[in-house]
Each structure stands twice: as structure tokens, then as C-alpha cells.
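Report on one structure; see the data block that follows.
Only the coordinates and a few stated rules stand behind these numbers; no lab work does. Because the structure is a prediction, the values reported are computed rather than measured. No Cβ is skipped: glycine too gets one built from the backbone with ideal geometry, and neighbour counts run over all protein chains shown.
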Amino acid sequence: MELPSALYVPTADGFTATALTIGPWDPGLQHAGPPAALLARAAERASGIAGGQTVRLTYDIFGPVPVGPVRITTSVVRPGRRVELVEAVLDAGDGRPLMRLSAWRMRTRTEGLPAAVAGSAPGAPHPAPAGVDGSRGEEAAFFRSDVAYHKALEWRFASGSFNSPGPAAAWTRPECTLVEGEPISPLEHLLVMTDAASGISAVLDWSTATFANVDLSVGLHRPPRGEWLGMAATTVLGDSGAAQCTAVLFDAEGAIGRSTQSLFVEPR
């Protein structure tokens, strides 16, 4: 089966989503991971800090994003030479916002810092129970379309599973680019992946309940590096129709940050 080479194809005034963006709930709606990455790309391009690092990304998901044309507008809410706040908003061509990103960016600095600041704390254990080579490949069984979001990344599970409930830790590698004709950056790869934290750590049956997230927040103490990135995720179900998913994000060198998601839970 030949897959699209990218999640999005550029158009005159935006992008067109390919089938690799299709989410698990409806074949006409995107998984939130690809548009989250597209918004992060836009925020970095709007940045006034050349070569800076994005340290916090907070997404509000106002409504489902259809598989089709999308547009993004950006603004620098708080400009600065050392620290700035960039906002990016995605719509489906009608001006109604569907997702909004608020991204804090900082100047990159390596000189004059303690040695431990440049990476993980000395001796800190890696968040993944096993490395890439010791993890098993797996595909999600709950997508309705053969070509959908689950094919955009190669998945290898160090613990847990897509297809059984409970916490899970998984490595991923891109199987496509974000935008046609461009290489995918490690940060873009991270955002394509991270919204699936609540999927790999699901505590409810996909066939009987929905648990879509209304937000996504990612905090990074350093940029992601390398081809393989991963997350160790846990979802906790409340008793009033809400759930929370948290994940530790990592690359081959160790932890890079954390993510959180608020889930709206209801019967299918």
C-alpha cells in the first residue's frame, strides 16, 4: 500500500490534509497530532528569535479539524530578544478557529551554564523501560481507515500496548514528512506523536466510549534530538466524565519534558 509522502500539501493560502491525518473517531476528522505540529511549525516561522528554542506549547482544541483545507494565522503576542510569546490559530477556511497554540520561545544559550544544565541530570534513569531495539513493533487496531494517522509514524512499544488498556511507553519514528517538500524537524515529529499519549494509555474500550482531549500542553527543558522520540504515558479516569493523561517525553539521550491532556469522556 502506497502512503502519502506528507501529512499536508501546501496550497496558495494554506495546506490540504492528506489521509495520514485521519483520526480514530471519524474518518472525516483529523487526529490532533498533525495540526498541533503544523501550528508549532507556524509559530517557529513567526518567531523573532532566530535559532531560539520552544519551551512551552499550550493548545486549546475548540472543535474537530476536518480532513481537507486548513489555514493558519500567527501573531507575536509578547515580542522580545530573549523571550517571546507566539500565538498561532488554525481554521478550515471559514475563519472559525478550531485550534489555538500559545508558544513560549527563548533564546538558546550554551556558554556560561553549569555542565548539568546542557542535558539530563547525571545518572538519571531513562524514562523508557527498553530502547528502540528492545521494543516491539505494533499497529493500532481501532482505526477505521487503513491509511490514517497510525501509519504516519513507526511505533515500537517498550511497555504496554495500543490495543490493551493501561499505561504504555512507546518509541516513534516518522514515516512521512509534515509538509510536502520539507524535512520534518524533531519538534514537529514530537508534536505529531505527543497527542497520541492518551491513545496509547487508554483506560476505556474504544468501541464503547470516546475520550477526546480538549487541550494539550507540552513543556520542554531542552529540544528533542534524533530520529527516534518517545513517551511514557498514563491516563487517570475521574468519576464525573473527565480524565487526565500525563506523559514523560524522551529521546535516545533521556527525558526532554512532559505533556498533559484533559479528556472529555462519554459513551459512544
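One table, with the values for the structure above:
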item: Segment GLU253-ASP205, extension gain: residue separation times 0.36 nm, minus the distance between their alpha carbons; result: 13.9 nm
item: Among 41-52, 224-235, the order from most to least packed when residues are scored by Cβ within 10 Å on average; result: 224-235, 41-52
item: GLU266-ARG225 FRET efficiency (beta carbon distance; Förster radius 35 Å; 0.05 resolution); result: 0.35
item: Net charge of Cβ neighbours under 11 Å - reference SER262; Lys, Arg +1; Asp, Glu -1; result: -2
item: Stretchable slack from ARG82 to THR11, in nm (0.36 nm times residue separation minus alpha-carbon distance); result: 22.2 nm
item: Cα centroid separation - the stretch 251-268 against the stretch 187-212, whole Å; result: 8 Å
item: J(HN,Hα) series, the stretch 223-232, from Karplus relation 6.51 cos²θ - 1.76 cosθ + 1.60, nearest Hz, glycine and proline x; result: x, x, 9, x, 7, 9, 10, x, 8, 10
item: Span from the the stretch 3-48 Cα centroid across to the the stretch 60-90 one, whole angstrom; result: 13 Å
item: Nonlocal amide H pairs with GLY63, under 5 Å, H built at 1.01 Å; result: none
item: Per-residue [θ]222 nm for the chain (sum of -39500 (n - 2.57) over DSSP H runs n ≥ 4, rounded to 500); result: -3000 deg cm²/dmol
item: Which of ASP60, ASP91 has the fewest Cβ neighbours within 10 Å, and the rest in rising order; result: ASP60, ASP91
item: Note, ³J(HN,Hα) from phi for the stretch 235-242, Karplus 6.51, -1.76, 1.60, rounded to Hz, x at Gly and Pro; result: 10, 10, 8, x, 10, 9, x, 10
item: Vicinal HN-Hα couplings computed from phi for the stretch 254-268 (Karplus, 6.51 cos²θ - 1.76 cosθ + 1.60; Hz; Gly/Pro x); result: x, 5, 10, x, 9, 9, 9, 9, 9, 10, 9, 10, 7, x, 7
